[in-house]
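Remarks on the structure that follows.
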Amino acid sequence: MNRISASQISRRSILAAPLVLGMPYVIGRAEAQNEPLRFGVADPLTGPSAIFGLDQMQAVRWAVEDINAAGGVNGRKLEAIIVDHQAKPDVGIAVVTRLIQVDKVPAFITAFSNVVKAVAPIANREKALMLSVGANSPDIKNLGDYVYTTFPLADVDMRALGSWLYTKQNKRKAAVLYVNHETGTEGAKVFTAAFKAAGGEVVLNESYEEQRSDFTGLVLKVRAANPDIVHIHSVISDFTAIVAQMRQLGLNTQVTSFQTAFNPKMIQELGKGAEGIIVTAMAPSAEDNANVPKYLERWQAAHKREPIGLPYTQYFHDAPYIMAALFKHVLDQKQPVTGENMRKALLAIRSFDLPLTNRITFNDDHTVNAPTYFWQVKDGKFQVVGKL
Amino acid sequence: MTEFLLTLAILAGINVLLACGFNLILGYGGLVSVAQPVFYAIGAYSSALISMKLGVPVPLAMILGALIAAIASIGLSLPSLRVSGDYLVIASMGFQLGIVHIINNVEITGAASGLSGIVSAVESPSRSMIYAVILMCICAVTIFAIRWLVTGPYGRAITAMRNDEDVFASLGRDAVRIKVTLFAVGSGLAGLAGGLYAHYFLFLTPDQYGIFSSATLLTMVVVGGAATVRGPVLGAIFLTVLPEAIRFLDLPIAVMAPLQGALFTGLVILFLFVKPEGLFGGKAGGGLDAWQGRDTGGSGRKGVK
């Protein structure tokens, strides 16, 4: 074993020691300055909701690629750490804990109301900025200091739909069917209140439990109630099954829903039965945003189809641009990249001009406003029929 | 990383309490119930609501939540006095679906939207560390208490009842009392675990207490070794850590999803065929052997009761 005696330690080595000991810190700092700026993305990549999550992640990846191709953020690359929460709250807690505590992301984006609510205490406790992108429960605005939504909540589009159906479409009697979970109950509640407030009558208001496959009883109740319109607030598989069973039983009443039904696969599966269905969307159409046609062409070129849930993917595509702006603000202010400073940056910037969702401005209540677009299935395709 | 490991330890501790309670009912009592997650839910919601609505201090609310779960278990243990085996499985499944349905539709529980705004048990920068230490102490006390219970005269009475209820009754012993007690203690532990979960993770939703949680718990007990003290403890820790360890492998989604999904369901089947005594069941006395009455060397009736 080699040992250094006191007599062997020269003054030069004593002087050199702090430099040698300090080297890892200097190298570490230099490396840190070149390290990518990481943010988290938690979305369902497996399970029944993956049909949306996979396309949303494609949109995120394209946005990150485009930002980096344009020079990144102050010369540093942006990196999205993508994890799968399966649209389950308990899995969401596990993966978001890992994002914050292991991957040390200062901010993350996520979606699906039940997961957003489950992980909100973690974001607040750990002071990590959470952007909800695509969850629409009205409760989201009350989840704490570190929870913001880039996506208009259900009380925006469902209020608009209820009013628009009465005033512009002359619908007087509505039947409301909804799945008994977070999104279904809250969305149906807002729609019912808005339709009634406009002067309409809700002749049927029925919920059903998740994972049901036979809706004959519900459809027969709808027929007996004889409404002008049937509003279905549900997951896409149930929505398609309910409409299919309505059409099989000869019930051709007009159907409405929210953004989850904005799905080309639904039209394929229902065929002519889909004609006339009206859905809401809170992302701009091609008429209001010049980048949307190019974005759709990109999908055609890469996947030979449109994205599932186009409006959701528009918001997901734009979320990395918000992250990039926040990182830039923090770096320009020469502050450490922490969740606290990312939140301060959000409050300082407030308004963001985004490629696919135009200008969004964060309100004091943590929400954003956006116009509601009404799309209708005509000749097997979604076409814009109104805006409010 | 430390914070992440502490969170994992807390989750493992909660699962240890759940598995130990379930093991009392399923392993020692031979009472095949799938409703254990419902008592977990009752404890979690009761504790959260008592502290939120009545302003009761969190530790007291947790104890009350456990007591409410224990009392609620009578709703299931009473039918079990008349039925066993397959019939008890069906009765417990109905009980579970019914309670989850109620939680899913009652406004006070937040219904399908879930319950948020729950009071945190500990407010401190070292919150996770403090919580983990408290939880480890509770787990240690629970494990020693169960060990004391099942190795003493009462434990022998439980085993005798499980192995042959008719003979046990003919000796003048009261099987009804043992069943009700086992359900109450096992469910009370689940209720306590629920309270501990609620006041740490601060959000509850009915989705967490469905049939998949029953399968997860069953896997913890069977893989660890039913009717043994250490089996469910180690099974719970193993099956809490394993899915997280798999996540760290960063496997492709196409591999990860089936692997995670098959883990809980596949392991039960595999262990029942290949290692029925479980990973930590020892050479004799645990798992299928115990259910079949082979641990006592007596003339136990074959088949799970």
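The values are calculated or read from the model by the stated rules, or taken from the named source; none is laboratory data. Just so it is clear, the structure is predicted and the values come from calculations on it, not from any experiment. Backbone-built Cβ (ideal geometry, glycine too); neighbour counts: all protein chains shown. Ligands, DNA and RNA are excluded from the accessible area calculation, which covers all protein heavy atoms including side chains. Shrake-Rupley method; radii C 1.70, N 1.55, O 1.52, S 1.80 Å.
Summary table
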item: Translational diffusion coefficient (Stokes-Einstein; Kirkwood radius from C-alpha pairs) of chain A at 25 °C, 0.890 mPa s, in µm²/s; result: 109
item: Distance-filtered residues of region A:233-263 - backbone nitrogen under 11 Å, label point 7 angstrom along A:Arg223 Cα→Cβ; result: A:246-252
item: Overall form of region A:158-202 per C-alpha gyration tensor (a/c, 1.5; a/b vs b/c); result: prolate
item: Under 13 Å from B:Lys179, Cα to Cα: aspartates and glutamates that are on another chain or at least 8 residues apart; result: B:Glu165
item: Sites B:Ala140 and B:Phe273 - FRET efficiency at Förster radius 35 Å, r taken between beta-carbons, to 0.05; result: 0.55
item: Region A:38-169 - percent relative contact order, Cα under 8 Å, separation 6 or more; result: 21
item: Interface size B-A, as summed buried accessible area [1.4 Å probe, Å², nearest 100]; result: 2200
item: Burial of 10 Å² or greater, region B:2-25 residues [accessible area, probe 1.4 Å, versus chain by itself]; result: B:Glu3, B:Phe4, B:Thr7
item: Pairwise label distance in nanometres, A:Lys127 with A:Asn142, each label 7 Å out on the Cα-Cβ vector; result: 2.7
item: Percent of beta bridges antiparallel (DSSP, the protein assembly as shown, rounded to nearest 5); result: 35
item: B:Leu242-B:Met93 pseudo-label distance in nm [points 7 Å out on the Cα-to-Cβ vector]; result: 2.4
item: Accessible surface, 1.4 Å probe, highest first, among residues B:Cys20, B:Cys137; result: B:Cys137, B:Cys20
item: Residues of type lysines that A:Lys304 reaches as a straight line, Cα spacing below 25 Å, ignoring anything fewer than 8 places off in the same chain; result: A:Lys265, A:Lys272, A:Lys294, A:Lys378, A:Lys381
item: Phi-based couplings in Hz for region A:155-161 (Karplus 6.51, -1.76, 1.60; Gly and Pro marked x); result: 6, 8, 6, 6, 5, 5, 5
item: Listed residue pairs exceeding 25 Å between alpha carbons, taken from A:Lys77/A:Lys141; A:Lys88/A:Lys344; A:Lys77/A:Lys104; A:Lys168/A:Lys189; result: A:Lys77/A:Lys141; A:Lys88/A:Lys344
item: Estimated vicinal HN-Hα couplings, Hz - region B:268-280 in sequence order (Karplus 6.51, -1.76, 1.60; Gly, Pro = x); result: 4, 5, 4, 5, 5, 8, 8, 9, x, 7, x, 4, 10
item: Chain A: relative contact order in percent, alpha carbon pairs under 8 Å with at least 6 residues between; result: 16
item: Cut-off 14 Å between beta-carbons: net charge of the residues surrounding A:Pro138, Lys and Arg +1, Asp and Glu -1; result: -2
item: Sequence-distant residues sharing a close amide H with A:Glu79 (under 5 Å, placed H); result: A:Leu37, A:Arg38, A:Phe39
item: FRET E, pair A:Arg350, A:Leu296, Förster distance 30 Å, beta-carbon r, rounded to 0.05; result: 0.50
item: Cα shape, the protein assembly as shown, gyration tensor, a/c 1.5 rule; result: oblate
item: Relative contact order (percent, whole number), chain B, Cα cutoff 8 Å, 6+ residue spacing; result: 31
item: Given 10 as the ceiling on other Cβ atoms within 10 Å, longest exposed-site-free region of chain A for trypsin sites (Lys or Arg not before Pro) in DSSP loops; result: A:4-303
item: Spacing of the two label points (7 Å from each Cα toward its C-beta) at A:Lys265 and A:Asp332, in nm; result: 4.1
item: Nonlocal amide H pairs with A:Gln254, under 5 Å, H built at 1.01 Å; result: A:Val230
item: Computed lengthening from A:Lys77 to A:Lys304, 0.36 nm per intervening residue step minus Cα-Cα distance; result: 78.8 nm
item: Per residue accessible area of region B:107-266, 1.4 Å probe, in Å²; result: 41
item: Ranking by accessible area, most exposed first, for A:His231, B:His101 with a 1.4 Å probe; result: B:His101, A:His231
item: Whole-number D in µm² s⁻¹ for region A:199-345, Kirkwood Cα-pair radius fed into Stokes-Einstein, 20 °C, 1.002 mPa s; result: 117
item: Rounded percent of accessible protein surface that carbon and sulfur make up, chain A, 1.4 Å probe; result: 51
item: P(r) weight above 32 Å for chain B, C-alpha pairs, percent; result: 24
item: Region A:283-388: GluC sites (Glu not before Pro) in DSSP loop, at most 12 other beta carbons within 10 Å; result: A:Glu287
item: Shielding by partners, peptide B:204-217 (average Cβ within 10 angstrom, other chains); result: 3
item: Full-extension gain in nm, B:Tyr154 to B:Ala215, via 0.36 nm per residue minus C-alpha separation; result: 19.1 nm
item: Karplus-derived 3J(HN,Hα), 6.51/-1.76/1.60, for each residue of region B:214-224, Hz, glycine and proline x; result: 4, 5, 5, 5, 4, 4, 4, 6, 5, 5, x
item: 1.4 Å probe accessible area per residue over chain A, in Å²; result: 42
